[in-house]
1. Does Thr478 fit the bill of being among the β-branched types (Val, Ile, Thr), touching a residue at least 24 places away in the same chain (Cβ under 8 Å) and under 28 Å from His57 (Cα atoms)?
2. In a helix (DSSP H, G or I), surrounded by fewer than 15 Cβ atoms within 10 Å (Cβ to Cβ) and modelled with pLDDT of 95 or more: is that true of Lys183 in this structure?
3. Over 20 Å from the mean Cα position of the chain (by Cα), farther than 26 Å from Leu390 by Cβ, at pLDDT 95 or above and surrounded by 19 or more Cβ atoms within 10 Å (Cβ to Cβ): does that describe Ala254?
4. Would you please list the contacts, defined by Cβ atoms under 7 Å and residues six or more apart or on different chains, that run from a residue in region 72-87 that is outside the structural domain of Phe137 (by TED's automatic domain parsing) to a residue that is among the basic types (Lys, Arg)?
5. Just the residues that are within 14 Å of Ile16 (Cα to Cα) and in contact (Cβ under 8 Å) with a residue 60 or more places away in the chain, please, taken from region 104-129.
6. Could you identify the single residue in Ala169, Ala154, Ala205, Ala177 that is in contact with a Ser or Thr (Cβ under 9 Å, 6 or more places away or on another chain), small (Gly, Ala, Ser) and either in contact (Cβ under 8 Å) with a residue 60 or more places away in the chain or buried (at least 21 other Cβ atoms within 10 Å of the Cβ) (or both)?
7. Residues that are in contact (Cβ under 8 Å) with a residue 40 or more places away in the chain, buried (at least 16 other Cβ atoms within 10 Å of the Cβ) and touching a Lys or Arg at 6+ places or on another chain (Cβ under 8 Å): find the helices (runs of 4 or more DSSP H) completely inside region 322-430 holding 3 or more of those.
8. With the condition kept exactly as written, say whether any residue in region 503-510 is at pLDDT 95 or above, of a type in the set (Lys, Arg) and buried (at least 19 other Cβ atoms within 10 Å of the Cβ).
Amino acid sequence: MIGGPAGSGIEKSGQIFAMSFVRGGYYAISNMEHSSQIRGGNNFLRIRIDEVPHEVHVEEIDIMIALDKQTIDEHISEVVDGGAVIFDGESLKINAEELAKEVKRDVRLIDVPLKKLATESLGNPVMANMIALGVMFGLVEFDIAGVKSVLEKAFGKKGAEIIEGNMKALEIGKKIADEKWTKDFEVKVTAKKNPNNMFLCGNDALCLGAIKAGCKFVGEYPMTPSSSVLHFMAAWSQKYGIVVKHVEDEIAAAISVIGAGFAGVRSLAATSGGGFALMSEAIGLASMNEVPTVFVDVMRPGPATGLPTRTGQGDLRQVIHAGQDDPIKIVLIASDMEECFRFGFEAFNLAEKYQLPVILCFDKYIGEGYFTVAPFDENGMKIERGKLLLEKDLAKNSDFKRYELTEDGVSPRSIPGQKGGVHRATSDEHNEHGEICEDADNRKKMVEKRMKKLEVALKELPPPIIIGDKDADITFVTWTSSKGACVEACEMLKEKKISANVLLIRTAYPFHKKETLEILKKLKRPILVEQNYTAQLGGLIAEHTGILIEEKILKYDGRPFTAKNIIENLK
């Protein structure tokens, strides 16, 4: 863990540390917990490094860098026996001997004059955190020769002098550790062959999927924790020919992507719960006009502003019911980096094939957390534009009906400027040509036409899956990032000779009633695991299957699950 005040470079230095181990052949995950206040609050980055991949953190800390006293006060109890705390006693006005008396455990208190060394050796007190990082590398005897390539990637735009300065800071810290502390520290990590893995967050993975799908317009008003979608797409906009608009609010974002979708452009708007609430009316508009659009909700706790920088899973009901009356839409749920990428791609195909809004939903922990993953498998990924007509197709039809009643509910589609494709598009109910029509029989047919799409689309939407032993005694029923904690809890239970598996829900709307019911009937002991107070996934399952899962492990404090949380609640 690296903890300290806002503006002390916690996230940047932590990412350098984690990425160095990824380049050294290990699996790393990192998650930033920071206060929404500009100043104040306890900010910290938790990093887990292992020889095998994991998706969630553990609660114990081997090494902690404390850049303020608050980090020590709040987290030293989490440091394991034999662990270490690196701090600057002079700057923080902490007496190491007195602190040792308070701790009363076998914790190595490594007092290093970080600020003084950074000022005297490097002429820049900001480098204190990099010296501390060097101490950390030294404790585990990790060869920092390969770290330079990571620094070049992190600071390449700032020039060679900055890169060399940071490298020197690491060397200073490592030398201090080597001379005094390394021999006594038990955890040792040796660099291995680099498997060429990636280290990225869910928002990045989503963007990669969207770019591969041919997304050419992004309309977004930044809202934590979705903002990096806007930043990523803007950074790559010129290379991939994407128009990126930082609009005035979320209503404008939703309307702009509907306009782009109507014009035939694959479009995306990302937000969080509060912004999505403003988009709800527009989603009804896209539904009525049958316009392909993709929306992303990276969830954080509410209501209202809630906990702006924390994680939660409380938007499920909101995204399912967005829009007036019975609007058509598809809601997908991503639970890891692979699904953020894959669903980020497929959302655009589904939007155009079925001419409707597709909403991709995942939580802040996935969206902003960083994970080590192998390069994504792109086999079979092909752009499908559905019934989008060419002018030669329109020329064959003298009476083009944009909302033609068809067997699968999907009508032939034209875009502005195509000869023979002129039609009306209105937010009111309409007939096959798009002309406003309040006839009762027409209304009935149009509602049924739109809803038919969902029935057809369901066949190709991600079904619920069982992860682990098919005949387990315990089944954790969950969605999005809670999956990782449940999977690891299953591994821990296996060591205790208890069999457990995970039922993962990946499509929220339309719902896989039949498949979910078949699985639930076979379960011995289902336990719902999710991050909201009202057990929204459990309610959705009960609504569609008639089975109410009585046992629940619910968490709504804004912090992600760990496997230990689940095991303790299970007891």
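The values are calculated or read from the model by the stated rules, or taken from the named source; none is laboratory data. Quick caveat, the model's predicted, so the values are computed rather than measured. Positions of Cβ are backbone-derived with ideal geometry, glycine not excepted, and every protein chain shown enters the neighbour counts.
1. Numbers: among the β-branched types (Val, Ile, Thr): yes; touching a residue at least 24 places away in the same chain (Cβ under 8 Å): yes; under 28 Å from His57 (Cα atoms): yes.
Yes: the conditions hold for Thr478.
2. Details: in a helix (DSSP H, G or I): yes; surrounded by fewer than 15 Cβ atoms within 10 Å (Cβ to Cβ): yes; modelled with pLDDT of 95 or more: no.
In short, no.
3. Values: over 20 Å from the mean Cα position of the chain (by Cα): yes; farther than 26 Å from Leu390 by Cβ: yes; at pLDDT 95 or above: yes; surrounded by 19 or more Cβ atoms within 10 Å (Cβ to Cβ): yes.
Yes: the conditions hold for Ala254.
4. As it stands, the answer is none, since no pair meets every condition given.
5. Across region 104-129, the qualifying residue is only Asn129.
6. On the way: Ala154 fails: in contact with a Ser or Thr (Cβ under 9 Å, 6 or more places away or on another chain); Ala205 fails: in contact with a Ser or Thr (Cβ under 9 Å, 6 or more places away or on another chain); Ala177 fails: in contact with a Ser or Thr (Cβ under 9 Å, 6 or more places away or on another chain).
After applying the criteria, what remains is Ala169.
7. The qualifying helices (runs of 4 or more DSSP H) are 337-354.
8. Restricting attention to region 503-510, the residues satisfying the condition of being at pLDDT 95 or above are 503-510.
Then keep just the ones that are of a type in the set (Lys, Arg); that gives 506.
Next cut, buried (at least 19 other Cβ atoms within 10 Å of the Cβ) only: 506.
Among the residues of region 503-510, at least one is at pLDDT 95 or above, of a type in the set (Lys, Arg) and buried (at least 19 other Cβ atoms within 10 Å of the Cβ), which makes the answer yes.
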